[in-house]
Amino acid sequence: MFQGFAGVWTPLLPARQVRHVAVPVYLAGERIVLFRDREGQIGALIDRCPHRGAALSLGRLTSEGQIECPFHGWQFDRMGNNWHVPLNPDARRATLAAQALAVRVIGDLVWVFTATASPSPDEPMVPEGLRDPGLARTYVQRTWRCHWTRAMENMLDSPHLPFVHRRSIGKTLRQRMTSRSKMEVTWQDTPFGGRARALMDGQDGGAFLEFYKPNIMALHIPLPDRHLRIHALVIPEQKDRTRIIICQSRDFVRARLLNPIFSWMNRRIADEDKEVVESAGTAEIPPAALEKSVATDRATLQFRKYYYEVLRESGSVSAAGPNSVEL
């Protein structure tokens, strides 16, 4: 399960999208169903009934907040516990659990841990811009036809800004460029992943980006005494389909009436990247030696190293018995 993306915390979608119906979502090739119980707490189960494999997301939510399988009416709570097996009053319900994932709601987002048979995981490492309740945030979602690793590398790649984004966020950088310009990309390992800076002709404009393992980029935009970040959340759905969530966080211009303007700006930037990234095809990034690289690729090569050394061979074991995830 979750081949190439197992044993990690990942944001999945904004919590507001999970209301009082079952919500199916693909993550790294697995279908997950999200729902809220009677107290409003969000649960995430593998979208497959342990009885005969029917999609739980096709079922209804009961008045008690369980999800009911559409095939034979088995009912499960958000922790996967079996509450009812119709027509079988003597069934050992403790052995008939669904597979649950650990869930956290942090900031505006639902986070899940990509394993069903592991000890209680550590807490996710979340950028300040996604968790601080005092910040205004706007979200844009896009789907790209590519492997998620191509999209993630794009988010960590500074040298493409004056070309792909020449009329938006890369405009100033392009105006400073000459035919003899040199960009220096530095990388610093951090507990959550890494921090990259790009200096043009020795000048540091103050912006930098951070990589939060496994799939988040946070771009720090320098404004005096202000918080302004653009986050890219790169969520693998299938091998050839990636969902991108762009979140801008800020501590100014908080009026919701202006959110459409910020959303339009973020959509424009994401759509500028889409065609270029998709043109590389839907295969995963290859080992570094199989593509030509230069000094300015330092940040993307760090991600490629992490992917091949840590993530690519990961896979979570499906739990066969009672639910063992502590939520």
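The values are calculated or read from the model by the stated rules, or taken from the named source; none is laboratory data. Computed from a predicted model, the values in this text were never measured in an experiment. Virtual Cβ from ideal backbone geometry, glycine too; neighbours counted across all protein chains shown.
Residue-by-condition table, conditions (1) in contact (Cβ under 8 Å) with a residue 12 or more places away in the chain; (2) acidic (D, E); (3) on the phi > 0 side of the Ramachandran plot:
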site: R137; (1), (2), (3): yes, no, no
site: E153; (1), (2), (3): yes, yes, no
site: L156; (1), (2), (3): yes, no, no
site: K171; (1), (2), (3): no, no, no
site: T186; (1), (2), (3): yes, no, no
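Does the range 300-317 contain any residue that is hydrophobic (A, V, I, L, M, F, W, C) and farther than 20 Å from A196 by Cβ? Talk me through it step by step, then tell me what you get.
The initial filter retains those residues of the range 300-317 that are hydrophobic (A, V, I, L, M, F, W, C), namely 301, 303, 310-311, 317.
Next cut, farther than 20 Å from A196 by Cβ only: 317.
Within the range 300-317, one or more residues are hydrophobic (A, V, I, L, M, F, W, C) and farther than 20 Å from A196 by Cβ.
Which one is modelled with the highest pLDDT, of the residues in the range 22-75 that are under 22 Å from A91 (Cβ atoms) and hydroxyl-bearing (S, T, Y)?
T62
Can you go through R78, R104, R19 and tell me which one is under 27 Å from the mean Cα position of the chain (by Cα) and modelled with pLDDT under 95?
Numbers: R78 fails: modelled with pLDDT under 95; R104 fails: modelled with pLDDT under 95.
It is R19.
Take the residues in the range 285-300 that are under 20 Å from the mean Cα position of the chain (by Cα) and either surrounded by fewer than 16 Cβ atoms within 10 Å (Cβ to Cβ) or of a type in the set (V, I, T) (or both); name whichever of them is nearest to Q238 (Cα to Cα).
I285
Looking only at helices (runs of 4 or more DSSP H) that fall completely inside the range 108-183, which ones have 1 or more residues that are loosely packed, with under 15 Cβ neighbours inside 10 Å? Lay out the reasoning, then the answer.
Numbers: elements: 128-131, 148-155, 161-164, 171-176.
Where helices (runs of 4 or more DSSP H) fall fully within the range 108-183 and carry at least 1 residues being loosely packed, with under 15 Cβ neighbours inside 10 Å, they are 128-131, 161-164, 171-176.
Hey, can you tell me all the residues within the range 272-284 that are assigned to a helix (DSSP H, G or I) and either surrounded by 12 or more Cβ atoms within 10 Å (Cβ to Cβ) or modelled with pLDDT of 95 or more (or both)?
Within the range 272-284, E272, D273, K274, V276, V277, E278 meet the criteria.
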